[in-house]
Every structure is written in C-alpha cells, then in structure tokens.
1. Just one of the numbered conditions (1) modelled with pLDDT of 95 or more; (2) in contact with a helix residue (DSSP H, G or I) (Cβ under 7 Å, 6 or more places away or on another chain); (3) open to solvent by less than 20 Å² (accessible area, probe 1.4 Å) is not true of Ala198; which one?
2. Any residue in the stretch 265-290 that is under 28 Å from Phe240 (Cα atoms) and aromatic (Phe, Trp, Tyr) sitting within a Cβ distance under 9 Å of a residue that is in a helix (DSSP H, G or I) and open to solvent by 10 Å² or more (accessible area, probe 1.4 Å)? List the pairs, counting only those 6 or more apart or interchain.
3. Does at least one position in the stretch 225-238 carry a residue that is touching a helix residue (DSSP H, G or I) at 6+ places or on another chain (Cβ under 8 Å) and within 20 Å of Asn43 (Cβ to Cβ)?
4. With the requirement that a residue be surrounded by 13 or more Cβ atoms within 10 Å (Cβ to Cβ) and assigned to a helix (DSSP H, G or I), what does the stretch 281-290 give you?
5. Just the residues that are closer than 21 Å to Thr76 by Cβ and open to solvent by 40 Å² or more (accessible area, probe 1.4 Å), please, taken from the stretch 36-64.
6. I'm trying to understand the selection: among the residues of the stretch 142-168, which are open to solvent by less than 40 Å² (accessible area, probe 1.4 Å) and of a type in the set (A, V, I, L, M)?
7. For Leu115, which of the numbered conditions (1) modelled with pLDDT of 95 or more; (2) under 30 Å from Glu250 (Cβ atoms); (3) surrounded by 16 or more Cβ atoms within 10 Å (Cβ to Cβ) fails to hold?
8. Pull up the stretch 120-135, narrow it to residues that are assigned to a helix (DSSP H, G or I) and more than 27 Å from Asp218 (Cβ to Cβ), then point me to the one that is most open to solvent (accessible area, probe 1.4 Å).
Amino acid sequence: MTFSILRSRAIHALSVAITLIASVFSTMPAVAESNTYQFSPVNQYDINLTAAYWNPIIDYVSEKSGVKLNLKIGRTSADTTSFVIAKEVEIAFTNHLFSPEREKLGWKVFGRRELPPVHGQIVVPADSSITDIAQLQGQDVAFPGPEAHIAYKVPMAQLLNKGVNVNVVYGGNQNAALAQLFAGKVKAVGGNSQLIEAYSVREKRKLRILWTSEPYYDLALMASPKVTPADLKAISAAFFSMRTDPRGKEVLHQASLKVGLTGNAYFIPSDGSEYASYRKFYQIAPPSLR
C-alpha cells in the first residue's frame, strides 16, 4: 500500500471524526451566554466622583452575580436620565421615573440604599445677608439640573408656590451648583440635603438652610423590562449581600468614604411603596414641574 493511499485514508477518517463531533455538539442544548447590562446612576456628584463611587460597587455586583454591569453616565444628571428614557440602559439608580408618564415605561423598583430620608433644601453661605427665601426674588439661584427631583423640582415648587421668581442656573450636578455659590456667581442653591451635607463636610464649607422640604427616601435601584427575571434575581442578591459579605462590606465602606456618606450605606430590597411621596408630588406640583 503506497504512502499516498494511507495518507488519503487518514484524511478521510479525520474528516469523518470531525463531522461526528460537530453532529454531537449540534444536538446539545445551547449554553446561555451571560447577559450584559448598562447601569446608569443619577449624577449626584461630578463625573469623576460618581465613577469613583460606583465602579467598585458594580465590579463587585458583576463578579458576585455573574451578570456583567457597565457604568454609563452622561456629563450631567439630565444627560444620564436621557439614556434611561431612550432605553439605552437596563439598570438605574434614580428617582426620575416616578412621574405618571415615565411610570408607563415599566421600570420596576427592586431595591434602595439604606440611608435616612433626604430633603429638598434651599441654602446660602453661612455669612450671607439673605435669611429668607423671599429675599431671593429676582436673584440667580443654582440647581443641579432640570431632572433633579429632590434638588430642583421640590425646592423650585416651594419658590413658585410662594411667588418667588428666581433666575434658574443649572450646574450639571450638586457639587457644581454649590461651587458656583461659593464662587459668588449665584445667591443660593437648591439641593438634596444628603449631598449638601456631604459637600459641606468634604469641602469644609458652612451653609445656612433657608428652607427644608418634607422627607423623601433615597434614590431607588430600578430595572427595565429588558432585564430577565433570573438576571434580576442574581443582581439583586449581589447588591443586598454586600452588607454581610466581608469583601462587599469593605467595598461599600471605601466607596462611601469617597463621597462623604456616613456608614456603609448598604442596599436593601424595596417594592417601591416607599416612593409614594414622589407620586404625590406630581399630583400637586406646579404644572411646569410635572
């Protein structure tokens, strides 16, 4: 038997083997690939600080859950919310979805950060001559942005209800709005009490509070209808287990220190009922803020 015949038979046998292997794999159940979701938290701080807080957390959640989360934030809180409205993200940390129109988008609250309720506030520097919101008539007042519920809509509603007309200036986030205040570019700032207090401690700035709203719960962890039930269960479990897992607890602790949050600011389950005050706001707010 010549070498060429042996070689031909070997090639034929190899071809048959490959065909058989391919046939076996074609009859096996397909292995589901791990889904990847975009995660957009509202810009409560500047971009760098927002990323410094959230990246370690979503890295932990991705590893723990086996479901990859990618951080997606815009330049301002309004930009980030536009991603959510445009259905470019699937998981969010937000309080911008409780208006009647946006609730139709089908997003579901599955958790929240365990912190004391926050308040909308209007503040000025501690040494300002302004002691009442009525004195802000015709003055420049900074807010994070038009989408900020606690930091813009709530204090702005108070100003409008009291007949105080101000020149609205958007800073893009809470830190930027407060920076304009201390640069002398605006007379007052509307904001979120949690973020204002953290800024005051971090930057060693003293503020006078002119007005404080009723309490609202901190932002909600929310999932779009695109997230599968199995993935949502895994993601939720990873967020909620951070408080008891030593490594997760350390991640939360270090992240909280970066932004001036007290404690470890851990995450707990929520069915969305805590956010009734947001829904109530839209029933009674001035039309321009609904």
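1. Failed condition: (1).
2. Tyr266/Phe240; Tyr266/Lys249; Phe267/Ser236; Phe267/Phe240
3. Among the residues of the stretch 225-238, not one is touching a helix residue (DSSP H, G or I) at 6+ places or on another chain (Cβ under 8 Å) and within 20 Å of Asn43 (Cβ to Cβ), which makes the answer no.
4. Phe281, Tyr282, Leu289
5. Result: Gln38, Asp46, Ile47, Asn48, Asn55.
6. Ala142, Ala148, Ile150, Ala151, Val154, Met156, Ala157, Leu159, Val164, Val166 - these are the residues of the stretch 142-168 that are open to solvent by less than 40 Å² (accessible area, probe 1.4 Å) and of a type in the set (A, V, I, L, M).
7. Result: Leu115 passes all but (1).
8. It comes out as Gln135.
The values are calculated or read from the model by the stated rules, or taken from the named source; none is laboratory data. The model shown is predicted, which means the values in this text are computed figures rather than measured ones. Reconstructed Cβ throughout: ideal geometry from the backbone, glycine too, with neighbour counts over all protein chains shown. In case anyone asks, the SASA skips ligands and DNA or RNA and just uses the protein heavy atoms, side chains included. Shrake-Rupley method; radii C 1.70, N 1.55, O 1.52, S 1.80 Å.
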